1. I'd like to check one number: the per residue accessible area of chain A, probe 1.4 Å, reported in Å² as a whole number.
2. Under the rule of at least 5 residues apart or a separate chain, name every residue whose amide H is placed under 5 Å from the amide H of A:Met110.
3. Hey, what do the phi angles of the range B:43-54 turn into as Karplus ³J(HN,Hα) couplings, whole Hz, using 6.51/-1.76/1.60 and θ = phi - 60°, x for Gly and Pro?
4. Please name which of B:Ser58, B:Gly42, B:Thr82 has its Cα lying farthest along the dipole of the range B:22-98 towards the positive end, using unit charges on Cβ (Lys, Arg +1; Asp, Glu -1) and the Cα centre as origin.
5. Test of understanding: in a Gaussian network model of chain A with alpha carbons linked when under 10 Å, which of A:Ser49, A:Ser12, A:Ser74 would top the mean-square fluctuation ranking?
6. So, with a 1.4 angstrom probe, what is the percent of accessible area on the protein assembly as shown that is carbon and sulfur?
7. For the range B:9-118, what does the accessible surface come to per residue with a 1.4 Å probe? Please give it in Å².
8. For the protein assembly as shown, what proportion of DSSP beta bridges, expressed in % and rounded to the nearest 5, is antiparallel?
Amino acid sequence: DQQVKQNSPSLSVQEGRISILNCDYTNSMFDYFLWYKKYPAEGPTFLISISSIKDKNEDGRFTVFLNKSAKHLSLHIVPSQPGDSAVYFCAAVSKNAGNMLTFGGGTRLMVKP
Amino acid sequence: GAGVSQSPSNKVTEKGKDVELRCDPISGHTALYWYRQSLGQGLEFLIYFQGNSAPDKSGLPSDRFSAERTGGSVSTLTIQRTQQEDSAVYLCASSLARGSVGRTDTQYFGPGTRLTVL
(Lines give C-alpha, C1' and ligand atoms only; values in the text may rest on other atoms or scores of the structure.)
Protein backbone atom coordinates (compact mmCIF):
# COMPACT_ATOMS: atom_id res chain seq x y z
CA ASP A 1 0.00 0.00 0.00
CA GLN A 2 1.91 3.02 -1.30
CA GLN A 3 1.15 6.04 0.83
CA VAL A 4 3.10 8.41 -1.40
CA LYS A 5 2.80 8.08 -5.15
CA GLN A 6 4.52 9.73 -8.06
CA ASN A 7 2.53 8.55 -11.03
CA SER A 8 4.88 9.85 -13.71
CA PRO A 9 8.06 7.77 -13.85
CA SER A 10 9.66 10.24 -16.24
CA LEU A 11 9.28 13.76 -17.60
CA SER A 12 11.06 15.47 -20.46
CA VAL A 13 11.20 19.26 -20.65
CA GLN A 14 12.95 21.78 -22.87
CA GLU A 15 15.55 24.01 -21.27
CA GLY A 16 14.04 27.30 -20.12
CA ARG A 17 10.54 25.87 -19.77
CA ILE A 18 8.71 24.96 -16.60
CA SER A 19 9.01 21.46 -15.10
CA ILE A 20 6.08 20.30 -13.00
CA LEU A 21 6.50 17.17 -10.92
CA ASN A 22 3.49 15.76 -9.14
CA CYS A 23 2.98 13.74 -6.00
CA ASP A 24 -0.12 12.29 -4.33
CA TYR A 25 -0.47 10.91 -0.84
CA THR A 26 -3.12 8.97 1.05
CA ASN A 27 -2.15 9.33 4.72
CA SER A 28 -3.95 12.32 6.25
CA MET A 29 -1.50 12.22 9.17
CA PHE A 30 1.33 13.47 6.98
CA ASP A 31 2.13 17.00 8.10
CA TYR A 32 5.42 17.81 6.36
CA PHE A 33 6.49 17.21 2.81
CA LEU A 34 9.88 17.30 1.15
CA TRP A 35 11.40 17.00 -2.28
CA TYR A 36 14.74 15.32 -2.77
CA LYS A 37 16.84 15.25 -5.89
CA LYS A 38 19.05 12.31 -6.75
CA TYR A 39 21.85 12.01 -9.26
CA PRO A 40 23.15 8.56 -10.28
CA ALA A 41 25.52 6.96 -7.76
CA GLU A 42 24.80 9.67 -5.21
CA GLY A 43 22.48 9.87 -2.23
CA PRO A 44 19.36 12.02 -2.40
CA THR A 45 19.90 15.70 -1.59
CA PHE A 46 17.28 17.85 0.06
CA LEU A 47 15.71 20.40 -2.25
CA ILE A 48 12.71 22.08 -0.68
CA SER A 49 10.01 21.36 1.89
CA ILE A 50 6.59 22.53 2.96
CA SER A 51 4.62 22.28 6.16
CA SER A 52 0.98 21.28 6.04
CA ILE A 53 0.03 24.68 7.44
CA LYS A 54 1.16 26.30 4.20
CA ASP A 55 0.10 25.89 0.61
CA LYS A 56 3.17 27.28 -1.10
CA ASN A 57 6.88 27.55 -0.47
CA GLU A 58 9.32 29.13 -2.87
CA ASP A 59 13.10 28.95 -3.03
CA GLY A 60 14.69 30.47 -6.09
CA ARG A 61 13.69 28.51 -9.17
CA PHE A 62 11.88 25.91 -7.06
CA THR A 63 8.34 26.22 -5.74
CA VAL A 64 6.35 23.55 -3.95
CA PHE A 65 2.56 23.72 -3.86
CA LEU A 66 0.44 21.76 -1.42
CA ASN A 67 -3.27 21.04 -1.88
CA LYS A 68 -4.33 19.32 1.34
CA SER A 69 -7.91 18.71 0.31
CA ALA A 70 -6.72 16.85 -2.76
CA LYS A 71 -3.76 15.29 -0.92
CA HIS A 72 -1.57 16.49 -3.73
CA LEU A 73 1.65 18.39 -3.98
CA SER A 74 3.73 19.54 -6.87
CA LEU A 75 7.21 20.85 -7.50
CA HIS A 76 7.66 23.56 -10.09
CA ILE A 77 11.06 24.32 -11.53
CA VAL A 78 11.30 27.43 -13.65
CA PRO A 79 13.26 27.99 -15.72
CA SER A 80 14.44 24.40 -16.11
CA GLN A 81 18.14 23.86 -16.71
CA PRO A 82 20.02 20.81 -18.05
CA GLY A 83 21.67 20.44 -14.62
CA ASP A 84 18.23 19.83 -13.15
CA SER A 85 18.15 16.46 -14.91
CA ALA A 86 17.90 13.93 -12.08
CA VAL A 87 15.41 11.72 -10.27
CA TYR A 88 13.12 13.67 -7.98
CA PHE A 89 11.58 12.01 -4.94
CA CYS A 90 8.62 13.32 -3.03
CA ALA A 91 8.65 12.41 0.68
CA ALA A 92 6.28 12.87 3.59
CA VAL A 93 6.53 12.80 7.36
CA SER A 94 3.78 11.81 9.76
CA LYS A 95 3.40 13.55 13.11
CA ASN A 96 2.87 10.12 14.66
CA ALA A 97 5.87 8.43 13.09
CA GLY A 98 8.86 10.39 14.29
CA ASN A 99 11.00 11.75 11.53
CA MET A 100 11.23 8.83 9.13
CA LEU A 101 10.41 9.68 5.56
CA THR A 102 7.89 7.89 3.37
CA PHE A 103 9.04 8.25 -0.21
CA GLY A 104 7.33 8.15 -3.55
CA GLY A 105 8.77 6.09 -6.36
CA GLY A 106 10.51 9.01 -8.00
CA THR A 107 10.21 10.86 -11.31
CA ARG A 108 13.14 11.05 -13.70
CA LEU A 109 13.37 14.57 -15.11
CA MET A 110 15.27 15.13 -18.32
CA VAL A 111 15.88 18.73 -19.34
CA LYS A 112 16.91 18.99 -22.96
CA PRO A 113 19.21 21.80 -24.08
CA GLY B 1 32.11 19.92 6.50
CA ALA B 2 32.10 16.17 5.91
CA GLY B 3 28.84 14.62 4.85
CA VAL B 4 27.43 11.19 5.55
CA SER B 5 29.79 8.47 4.39
CA GLN B 6 29.05 4.83 3.71
CA SER B 7 31.20 1.83 3.05
CA PRO B 8 31.64 -0.18 1.00
CA SER B 9 30.27 1.63 -2.03
CA ASN B 10 29.63 -1.70 -3.73
CA LYS B 11 29.27 -5.18 -2.30
CA VAL B 12 28.76 -8.38 -4.24
CA THR B 13 28.02 -11.47 -2.20
CA GLU B 14 26.73 -14.98 -2.63
CA LYS B 15 23.30 -16.03 -1.50
CA GLY B 16 23.38 -17.23 2.10
CA LYS B 17 26.35 -15.15 3.19
CA ASP B 18 26.20 -12.40 5.83
CA VAL B 19 27.06 -8.79 4.98
CA GLU B 20 27.79 -5.69 7.03
CA LEU B 21 27.22 -2.19 5.75
CA ARG B 22 28.68 0.80 7.53
CA CYS B 23 27.46 4.37 7.94
CA ASP B 24 29.32 7.35 9.38
CA PRO B 25 26.82 10.14 10.03
CA ILE B 26 27.52 13.84 10.06
CA SER B 27 29.27 14.80 13.27
CA GLY B 28 26.81 16.07 15.85
CA HIS B 29 23.77 14.51 14.21
CA THR B 30 21.87 12.52 16.80
CA ALA B 31 19.40 10.84 14.47
CA LEU B 32 20.42 8.15 11.98
CA TYR B 33 18.25 6.35 9.45
CA TRP B 34 18.66 3.41 7.10
CA TYR B 35 16.67 3.17 3.88
CA ARG B 36 16.95 0.94 0.86
CA GLN B 37 16.09 1.43 -2.77
CA SER B 38 15.36 -1.68 -4.76
CA LEU B 39 15.61 -1.58 -8.54
CA GLY B 40 12.90 0.66 -9.97
CA GLN B 41 11.46 1.38 -6.54
CA GLY B 42 11.34 4.36 -4.22
CA LEU B 43 13.22 4.53 -0.97
CA GLU B 44 11.95 2.25 1.76
CA PHE B 45 12.50 3.05 5.44
CA LEU B 46 14.29 0.33 7.42
CA ILE B 47 15.37 1.53 10.87
CA TYR B 48 15.84 4.73 12.84
CA PHE B 49 18.14 5.60 15.76
CA GLN B 50 17.67 8.66 17.93
CA GLY B 51 20.27 9.33 20.59
CA ASN B 52 20.26 6.64 23.26
CA SER B 53 16.64 5.66 22.71
CA ALA B 54 15.66 2.21 21.54
CA PRO B 55 15.73 2.14 17.75
CA ASP B 56 12.58 2.11 15.67
CA LYS B 57 12.87 -1.16 13.77
CA SER B 58 9.41 -1.04 12.21
CA GLY B 59 10.74 -0.98 8.64
CA LEU B 60 13.02 -4.00 8.81
CA PRO B 61 11.69 -6.56 6.29
CA SER B 62 12.71 -9.68 8.21
CA ASP B 63 14.63 -10.88 11.25
CA ARG B 64 17.65 -11.42 9.01
CA PHE B 65 18.14 -7.66 9.15
CA SER B 66 19.60 -5.92 12.18
CA ALA B 67 21.42 -2.71 12.90
CA GLU B 68 23.36 -1.19 15.71
CA ARG B 69 24.77 2.18 16.46
CA THR B 70 27.83 2.29 18.64
CA GLY B 71 28.61 5.30 20.78
CA GLY B 72 25.81 7.26 19.21
CA SER B 73 27.77 7.68 16.00
CA VAL B 74 28.75 4.96 13.52
CA SER B 75 26.06 2.49 12.53
CA THR B 76 26.30 -0.98 11.03
CA LEU B 77 23.47 -2.66 9.13
CA THR B 78 23.84 -6.43 9.09
CA ILE B 79 22.00 -8.75 6.74
CA GLN B 80 22.29 -12.43 7.60
CA ARG B 81 21.84 -15.27 5.12
CA THR B 82 21.40 -12.85 2.23
CA GLN B 83 18.80 -13.56 -0.43
CA GLN B 84 18.63 -12.30 -3.99
CA GLU B 85 15.71 -10.03 -3.10
CA ASP B 86 18.02 -8.20 -0.69
CA SER B 87 19.84 -6.73 -3.70
CA ALA B 88 19.35 -2.98 -3.50
CA VAL B 89 21.07 0.29 -2.74
CA TYR B 90 21.21 0.77 1.01
CA LEU B 91 21.16 4.43 2.00
CA CYS B 92 22.00 5.95 5.34
CA ALA B 93 20.89 9.41 6.42
CA SER B 94 21.43 11.53 9.50
CA SER B 95 19.72 14.57 10.93
CA LEU B 96 20.36 17.01 13.71
CA ALA B 97 17.52 16.13 16.06
CA ARG B 98 14.17 14.53 16.37
CA GLY B 99 11.19 16.52 17.52
CA SER B 100 8.96 18.95 15.76
CA VAL B 101 9.63 18.67 12.10
CA GLY B 102 11.49 21.62 10.79
CA ARG B 103 14.54 22.58 8.82
CA THR B 104 16.85 21.18 11.49
CA ASP B 105 15.35 17.77 10.95
CA THR B 106 16.33 17.66 7.31
CA GLN B 107 17.89 14.31 6.57
CA TYR B 108 21.22 14.27 4.79
CA PHE B 109 21.95 11.14 2.83
CA GLY B 110 25.13 9.25 2.15
CA PRO B 111 26.01 7.94 -1.32
CA GLY B 112 24.69 4.48 -0.53
CA THR B 113 26.03 0.94 -0.72
CA ARG B 114 24.98 -1.07 -3.75
CA LEU B 115 24.46 -4.65 -2.61
CA THR B 116 24.24 -7.42 -5.19
CA VAL B 117 23.36 -10.91 -4.03
CA LEU B 118 24.21 -13.55 -6.62
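The values are calculated or read from the model by the stated rules, or taken from the named source; none is laboratory data. What you are looking at is a predicted structure, and each value in this text was computed from that prediction instead of being measured. Reconstructed Cβ throughout: ideal geometry from the backbone, glycine too, with neighbour counts over all protein chains shown. Protein only, heavy atoms only, side chains kept; ligands, DNA and RNA dropped before computing areas. Shrake-Rupley method; radii C 1.70, N 1.55, O 1.52, S 1.80 Å.
1. Values: 5300 Å² over 113 residues.
Dividing the accessible area of chain A by its residue count gives 47 Å².
2. It is A:Leu11, A:Ser12, A:Val13, by chain and number.
3. In residue order, the calculated couplings are 7, 10, 5, 10, 7, 9, 10, 9, x, 9, 6, 4 Hz.
4. Working it through, the farthest residue towards the positive pole turns out to be B:Ser58.
5. A:Ser12
6. Numbers: 5170 of 11090 Å².
For the protein assembly as shown, the apolar C and S fraction of the accessible surface comes to 47 percent.
7. Working: 5340 Å² over 110 residues.
In whole numbers, the range B:9-118 has 49 Å² accessible per residue.
8. On the way: 70 of 79 bridges.
So the antiparallel bridges amount to about 90 percent of the total.
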